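The next block holds one structure in the form of structure tokens; read it before the comments.
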Amino acid sequence: MSERIAIVGVGQTVHKSKRQDVNTAELCAEAVEAALADAQLTMKDIECVILGSFEPADGYSGPDKWIIPELGCVGKAGFEMQNVGTTGAVACATAFNMAASGLFENVLCVAWQKMDEAAGAFGRGGGGANEYWTGQFPMSPITNFARRTYDYMTRSGCTEEHLAMVRVKQDQCAQRNKYAQLKLGLTVEKVMNDILLAWPIRRLHMCPTTAGSAAIIVCPEQRAKKVSKKPVWVEDWFTCHQGGALTMAEDPQASTLGYACKKVYKRCGITNPKKEIQAWEVYEPASTAELRWIEEVGVAEDYKAWKLFEEGKVGIEKEIPFNPSGGVTATNPIGCTPVVRVVEAALQVRGDAEEHQVPGTINRALATGYGGQGENVVFLLKKTL
Amino acid sequence: MTHHIKKSVADIPNDPLVVEVQAYSNFTVTVGNTGNKFLTEIRDNKQVMGIKCPTCKKIYVPPRTHCPTCFARMSEWVKLSGKGTLETFTVVRYQEPYMPKEPPYAYGVIKLDGADTGIVHMIGGVDLSKIKVGMKMEPVFKEQREGSILDIEYFKPSA
Amino acid sequence: MAQRVGIVAVAQTKFEQKPDVHIGELLYQASRDVMGQTGLEFKDDGTGIDSTVASGYDLMSGPGGAYMFLGYVVGAWQREDERVIEDGSMAVYYAAAQILSGHCDVVLVVGYGKETQINKNLIECLSMDQIYQRRVGLDFISSAGLQAQRYITKYGITPEQLAKVVVKARKNAKNNPFAYCCDDLTVKDVLRSTMLCDPIRVQEAKPTPVDGACALILATEEKTKKLTNKPVWLTGMFSCYDHHELGYRDLANCDSLATAAQKAYKMAGITNPLKEFDVAEISEHYSYQEPLWYEGLGLCGKGEGGKLIDSGKTEMGGELPVNPSGGVLSGLPHCVAGMHSVVECALQLRGEAEKRQVKGAKKALAHGVDGPAGQLQCVITLEK
Amino acid sequence: MLKKEEPQDPVVAFRYPRVITYKHSLGYQSKFAHALKMGRIIATKCPVDGRCTVPPRIVCPMHHVRQTEWVDQGQRGKLISAFKINFPMFDSRTGELKSWQNPIVAIELEGGARMDGWCEETDVEKLKTGMPLEAIWRPPEERKGRVDDILYWRPV
């Protein structure tokens, strides 16, 4: 890389199911205000702004045009990125590229979703490979993950109770995160008795709809050292998409996460991810997905992750600190969710995650974005260069 | 499944098709507190308000919460007469389903007195061929107002 | 820029209405063309194409979005595959940043447009803010109408000057085998055509609908030199946002374009664009935009765009031929236009523009625009 | 989750229903649509590994080679997985909430391609992986060249 880069500021809104006091643009501005305050910079410093939103849930085709002025970014460089569920991740990757390119010193990345405005955005997402499928089958993340989980259970032999354990762990984490949306005080029993959406997915297993926004500020090395006492270095990233190559019918476990992780681990010389990465923020649209993701990122053996939950090894203070923020099942402003993962991973590395901080020094954290039918983006953040 | 005998596909036509698909979605647009104040004043008091940037001192209509150029939070409301000058206009002569009325009709940017910006709205109460840049304009409010920018029916030339 | 980014190969499809062709076929055709020219395929060991950047509005391509087919059609299965939801020039800009950042060595950029399957005006209207401007029914055409009226009123631009822009575009397009609309339109014909949105006449607006795609491959300096003996270098680029509310700006100025141009010229070391560039491809969706963009691009002073057209300097054979390809007024799909500018500039600098070739072109100017009344502008400068 | 929307102060928020009409050019996929009208399922075949794909794809995603060969997939298949949707979902074709009684099944067709379908049997418990299914079509005059020309898959 020609320029090493660091995250010097992060910000997010308190995620809620509904925000009636602000419109979408104002919601973004809240996250930007927070990120600027965190970085101790002003809007004058920002030269380039990259936006990301999942447009089908926005009511816009190019919402950047309307939102940019609310962010005080008139006269600045930038553009908007989109890639279904990984939108926020692609926006982050774009901001990283813009900062590392040497073209800009201070790059702002903003993503949002105000899902209280979009009824039924999910009716359309994740349809399949072309217009034949879209709309003819009610495909949504719920049905996709029902299929994935069903397949996982068949292959691994885990039971519904294990799925509930995952959800309970996530809730325990979320309760310690002041930005998280759902804090429910769940028990395994409560989860198992919840409304069944599509077996084995219950309502509590699915990510909620959230109104929220998150922003990060990225600078190249010299600038980062100058403006920040605690820069979080971006070690590597890989946006690994499969572009509708497979439908869920063709492969219920279709995912590029394992492939993407292997690739970044190799590039960064990571041989033992479980040891070398101390915090994980992995995008699980359904709590049950966390089982497979733990395996794909190389922390557990294939189809054995459920045993870790049975043994109580996953949690903030536990052996595997997976999704200490509570993850996506607690908070899910779609287009912005991957940015929240990066923000949370950066907070872990800085040691600023407060209540849900993973104990010990976090030298390295991994964040991901998930979208479509198994598309993944992987980020590695580091404490020192 | 051994009984499957592969049939030839040669008899299936190849000519290109075009299929029509409708995609529906429902949105509930949140206006936000700033927009709420602006629209409520129009609805309840026929009052057009501007919002002032504390650093740039510019007065914006329609309002935003943050200044588009300096990102300062704006909260100072300024009462405006609603009257202004026509900065530019256009006459729409094509038809689209999202249009609020039958073409031809006119849009204009009306630079409001006391504000630093103009507002885009429809122009009415005048022969379309007689609209001129620089005309003095004033808003015509609807009788039944619901809290929308369309509570102003159009701007008409001041008498 | 710390290092140079080169264009290795460019391709475009014929631009026309293609109701019998699937959008994926357009993309496949264009991307396969550039991949064939270079012999490059997507590889994960750094020996092929590392990444793809596409441009296009999702709602244009279908309710499920373009991700449904885009990645695998160009061959980016399990590879970096990202999309800029803006005009194609921004995709080129971002692809260059990917290379400059050192993250990728070779990037495939694709732009596609299939206006025959959608009401373009409706999709563009969805870019307007929901609370004020979209509620009154404003879209890109009426925004352009407001901008055109303001511009011609403020600076006294005549209808004849604007008509000349269209005549030039159509005439130039006759030399371009890929162009959609090419004919011997006269100034009189333009002025006699029906009014679309005062003062814009039907002939003064971009012909629509039109389908097509274009593609290019960008690479690091080192790889560019290995891959082609006719490298074209990106020397400067910048994108810039303006106000969204039309009433917030003076529509007769294009401040964001001026900023974008100044920053790009600074990177490229350009001080006198009219003299230094040999050819320019700019995105004029409506006739008034050409003189207005001239002013923003610094080719002439404020209010002098009309005079520059009258002078004939921007005609073929003039000091700076603008849009030898015919440009957007000869028919290019939404979101492809800006990328097409870069593709055409590259062809000019490679000396491969055939009948529309500007002799001895060494420096070129490409421009793309998105948003209502030119809200988001992008300028890219290129060099042989 | 979709909740019934509460009435709101019209100033705070307003409803904005949207409908977009797409006229998709099917291009290379047209043959597939014609086949459906004829009550047949066909798939594109990858020349490299012979994998058949439904819906048809212009190129093989994995090998990035043009798929020009079409293969008949027969009328039967075996069940891969089945699940029932127990909640009403927004139907983007009508703009309304819709419920479904029949389970969605993934089927491996005789020709090797895999696809989604509705199952006639509404009791998911009775559906077992590997069980044979056959396609039940709409009457020819009702077919539109879309995947839902196949009404159901019926356990044989």
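The values are calculated or read from the model by the stated rules, or taken from the named source; none is laboratory data. What you are looking at is a predicted structure, and each value in this text was computed from that prediction instead of being measured. Heads up, the Cβs are rebuilt from the backbone with ideal geometry, glycines too, and the neighbour counts pull from every protein chain shown. Areas reflect the complete protein model, heavy atoms only, side chains present, ligands, DNA and RNA absent. Shrake-Rupley method; radii C 1.70, N 1.55, O 1.52, S 1.80 Å.
Annotations
- Taking a sphere under 11 Å around the Cβ of residue A:337 and counting the other residues whose Cβ falls inside, with K and R at +1 and D and E at -1, yields a net charge of -2.
- Per residue, chain A reaches -9500 deg cm²/dmol at 222 nm when only DSSP H runs of four or more residues are counted, each adding -39500 (n - 2.57).
- With Cα atoms as the point set, the radius of gyration and Dmax of chain C evaluate to 19.3, 59 Å.
- Legend: Rg and Dmax of chain A, from Cα coordinates, 19.2, 57 Å.
- Rounded accessible area of residue C:307 (nearest 10 Å², 1.4 Å probe): 140 Å²
- Database remark: amide H of residue C:279 closer than 5 angstrom to the amide H of C:363, C:365 (H placed geometrically; neighbours at sequence offset of 5 or more, or on other chains; Pro and chain starts carry no H).
- Cα gyration tensor shape of the protein assembly as shown, rounded if a/c is under 1.5, else prolate or oblate by comparing a/b with b/c: rounded
- Per-residue mean of C-beta atoms belonging to partner chains within 10 Å, peptide A:108-117: 2
- Rounded to the nearest 10 square angstrom, residue A:3 shows an accessible area of 60 square angstrom against a 1.4 Å probe.
- Rounded, prolate or oblate (a/c below 1.5 giving rounded, otherwise prolate when a/b exceeds b/c) for the range C:1-109 by Cα gyration tensor: prolate
- Model label points for residue D:16 and residue C:183, set 7 angstrom from Cα along the Cα-to-Cβ axis, are 3.8 nm apart.
- Here r is the Cβ-Cβ distance between residue B:6 and residue C:359 and R0 is 45 Å; the resulting FRET efficiency, rounded to 0.05, is 0.15.
- Environment charge of residue C:43, counting only residues whose C-beta is closer than 10 Å and scoring Lys/Arg +1, Asp/Glu -1: -3
- Taken one residue at a time, the phi angles of the range A:68-80 give Karplus couplings (6.51, -1.76, 1.60, θ = phi - 60°) of 3, x, 5, 8, x, 9, 5, x, 9, 7, x, 6, 10 Hz. Gly and Pro are set to x.
- Its Cα centre serving as origin, the protein assembly as shown has a Cβ charge dipole (Lys and Arg +1, Asp and Glu -1) of approximately 920 debye.
- Interface area, chains D and A: about 3700 Å² of buried accessible surface, summed, with a 1.4 Å probe and ligands, DNA and RNA left out.
- Between residue A:355 and residue C:352, the distance separating the two model label sites (each 7 Å from Cα on the Cα→Cβ line) works out to 6.1 nm.
- Cα centroid separation, the range C:150-219 to the range A:53-72: 30 Å.
- By DSSP, the beta bridges lying fully in chain A are antiparallel in about 70 percent of cases.
- The protein assembly as shown - accessible surface per residue (Å², probe 1.4 Å): 31 Å²
- Heavy-atom accessible surface of the range B:1-138: percent carbon and sulfur, 1.4 Å: 49 percent
- Once all protein chains are placed together, residue D:129 keeps about 90 Å² accessible to a 1.4 angstrom probe.
- Alpha-carbon geometry of the range C:327-381: the Rg and the Dmax are 12.1, 36 Å, given in that order.
- Backbone HN-Hα couplings from phi across the range C:263-274 [Karplus 6.51/-1.76/1.60, Hz, Gly and Pro as x]: 5, 5, 5, 4, 4, 8, x, 9, 10, 10, x, 4
- Hull volume per residue, based on the alpha-carbon atoms of the range B:78-159 and their convex hull, is 109 Å³.
- Taking the DSSP bridge list for chain D and keeping only pairs wholly inside it, about 95 percent are antiparallel.
- Distance from the alpha carbon centroid of the range D:27-56 to that of the range B:93-153 works out to 53 angstrom.
- For the range A:208-339, the share of alpha carbon pairs falling in successive 10 Å distance bins from zero is 10, 34, 39, 15, 2, 0 percent.
- Kirkwood-type hydrodynamic radius, the range A:68-111: 11.1 Å, calculated from all non-identical alpha-carbon pairs.
- Solvent exposure, largest accessible area first (probe 1.4 Å, DNA, RNA and ligands not counted), of A:143, D:94: D:94, A:143
- Take the Cβ atoms of residue A:301 and residue C:44, set R0 to 22 Å, and the FRET efficiency comes out at 0.35.
- By the equivalent-ellipsoid construction on the alpha carbon gyration tensor, the range C:275-364 comes out with semi-axes of 20, 16, 11 Å, ordered largest to smallest.
- Other residues within the sphere of radius under 10 Å centred on the Cβ of residue A:292, judged by their own Cβ, net out at -4 (K and R +1, D and E -1).
- Equivalent ellipsoid semi-axes - Cα gyration tensor, chain B, angstrom: 47, 24, 15
- With a threshold of 26 Å on the Cα-Cα distance, the over-threshold entries among A:18/A:190; A:44/A:226; B:52/B:132; A:114/A:178 are B:52/B:132.
- Rounded to the nearest 20, the Cβ-based charge dipole of chain A about its Cα centre (Lys and Arg +1, Asp and Glu -1) stands at 740 debye.
- Listed residues A:182, A:41, A:291, most fluctuating in chain A (Gaussian network, C-alpha, under 10 Å): A:41
- Rolling a 1.4 Å probe over the protein heavy atoms of the range A:258-384, with every protein chain left in place, gives an accessible area that is 48 percent carbon and sulfur.
- Projecting label points 7 angstrom from Cα along Cα→Cβ for residue D:78 and residue A:384 puts them 5.7 nm apart.
- Using the Cβ-Cβ distance between residue A:272 and residue A:37 with R0 = 35 Å, the FRET efficiency computed as 1/(1 + (r/R0)^6) comes to roughly 0.40.
- Taking the square roots of five times each eigenvalue of the Cα gyration tensor of the range A:310-385, the equivalent ellipsoid has semi-axes of 20, 16, 12 Å, listed largest first.
- Prolate/oblate/rounded label for the range A:144-256 (Cα gyration tensor, a/c 1.5): oblate
- The range C:321-348 versus the range A:274-320: alpha-carbon centroid distance in Å: 50 Å
- Both chains summed, the buried accessible area for B and C stands near 3200 Å², from protein heavy atoms and a 1.4 Å probe.
- Rounded to the nearest 20 debye, the dipole size of the range C:60-161 about its Cα centre is 340 debye, using +1 on the Cβ of Lys and Arg and -1 on the Cβ of Asp and Glu.
- Amide proton proximity set for residue C:238, modelled H, under 5 Å, gap of 5+: C:379
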